[in-house]
Amino acid sequence: KITIPIEMDVTTSSDGLAAAKEGLGSDGVSAAVAASTVNEQQSTTQTEQSNSPEQNTEEKAPAEKKRRVPFSQLFRFSTRGDKLLMVFGSLCAMAAGCVYPLFTIIFGKVLDILNDPKAIADRGYQGEQIRSLCIYFFIIAIVSGICCFFEYYIPVRVTERTLERVRHEYMKSLLRQDMSWFDINRGGEATAKVSEATIQMSAGMEKFCTLLKSTCTLVCGIVIGFTTSWKLTLVIMGCAPFFAVSLTVLILSMTKVEALSQKAYSRAGDVANEVFSNIRVVAAYAGERHEVRRYDRFLRDAEAVGARKGLALGSCVGLLFLSFYAMYGVATYAGAEFVLASRNDDPACAADLARAGCLTGGMVVQTLVAVLLGALSFGGVGPALAALVAAQAAAQELYDLVDRAPAVDAYDAGGYKGAVTGKIEFRGCTFAYPSRPDAPVLRGLSLTI
């Protein structure tokens, strides 16, 4: 019999001890309390170690790089019809991405017509030009609506149909494995892996069209900017790094703080699970207040992380909009200077806005909005690309099992097909589990059945 000293923060009543002995027995109470105390000490030790500066400064071994399947293998179990639908959806996404910058061309022409001296003098000419541009707006609206519909509908449909086949093939391959595989791998982890991996694959495959759309918006916006006014485009791109840095800091800080918040809440959840799993022992020894204090300690950590999250979010969003509107101000000032410079070089530009080589207010707005739309779309490229990479890594984990052929294949049609008669005999057989090859279970077994 081993006696473990236990220190409690609260006084145990004789009635509670009697109730505990009646429900569990004296040996059961001693063992349960000892286990609870050991678990508490281990939890406290782990918490202190995780908060220790020495451990945080300790060098970690480099993480193993995850293998990823090629992009084409994400749609390995898609039918030919699904692949054609995905191609059509990708084309629609690219068209929708180009519509946004092209919209700025028509918008710039509207501003020039409203400020054109010739159009102001001839109201009929001005109204005719405005009506023709409104028709282009209507056409862009129809094209954008149709393309955006297929951009989101087709990837979701194809992804769900593909992942249904992936789940089927994974479960089929899981049932195909021999006992040596289950001796090394846990069946519960294998079934949980398919749920987690398919969620990541779904997010990545559905974001593929979003990636194409954001890329096309970025390229189209920069091309329109350089075509309209390359000087103003260079000015805007010179301010763009401040906006990009603000956006990057926002994404990185939110990712880090979210991870810390989840870690703090998971620790509090572990304490709650431990207490409720041993609730009879806790109640018998009146340890409720002690456990509540322990739970509150982890909640205070989560509260501190939440405060940091609010501070980081407010600072990053403020910096983001500061750089965004500062970019507007610098670009507008530079655009006005370029308009005045073009009119000083050619005074006829003031009377004829359509004259070659003249920079107008509509062209300034067109360049500014097109390039800024491209810069904003660049923020969507990173998350979409990260989701796609995560989907490739998740698919690799599933395909490794799908492609694994066990030594004893239940689906193999080969082998002996005749009737089995007679006896079964083992001669000098030695056996060891694959997870413990150095510990043989059978040595020289000879058996006749």
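The values are calculated or read from the model by the stated rules, or taken from the named source; none is laboratory data. The structure displayed is predicted, hence computed values, not measured ones. Don't worry about glycine lacking a Cβ; one is built from the backbone with ideal geometry, like all the others, and counts go over all protein chains shown. Please note that ligands, DNA and RNA were not included when accessible areas were found on the heavy atoms of the full protein model with its side chains. Shrake-Rupley method; radii C 1.70, N 1.55, O 1.52, S 1.80 Å.
Points worth noting:
- In Å², nearest 10: area of S315 left accessible to a 1.4 Å probe: 70 Å²
- Taken along its principal axes, the alpha carbon cloud of region 310-449 reaches lengths of 110, 44, 20 Å, longest axis first.
- Ranked order, L102, L401 - accessible area, probe 1.4 Å, largest first: L102, L401
- Protein-only accessible surface order, largest first, of E196, E160, E258, E291 at 1.4 Å: E196, E160, E258, E291
- Each 10 Å bin from 0 upward holds the following percent of the Cα-Cα pairs of region 161-211: 21, 46, 23, 9, 1.
- Rg/Rh, computed from the Cα trace of region 98-229 with Rh as the Kirkwood radius, has the value 1.34.
- When S266, S229 are compared by accessible surface with a 1.4 Å probe, the order from highest to lowest is S266, S229.
- Among the chymotrypsin sites (Phe, Trp or Tyr not before Pro) in region 375-440, those placed in a DSSP loop whose Cβ has at most 12 other Cβ atoms within 10 Å are Y411, Y416.
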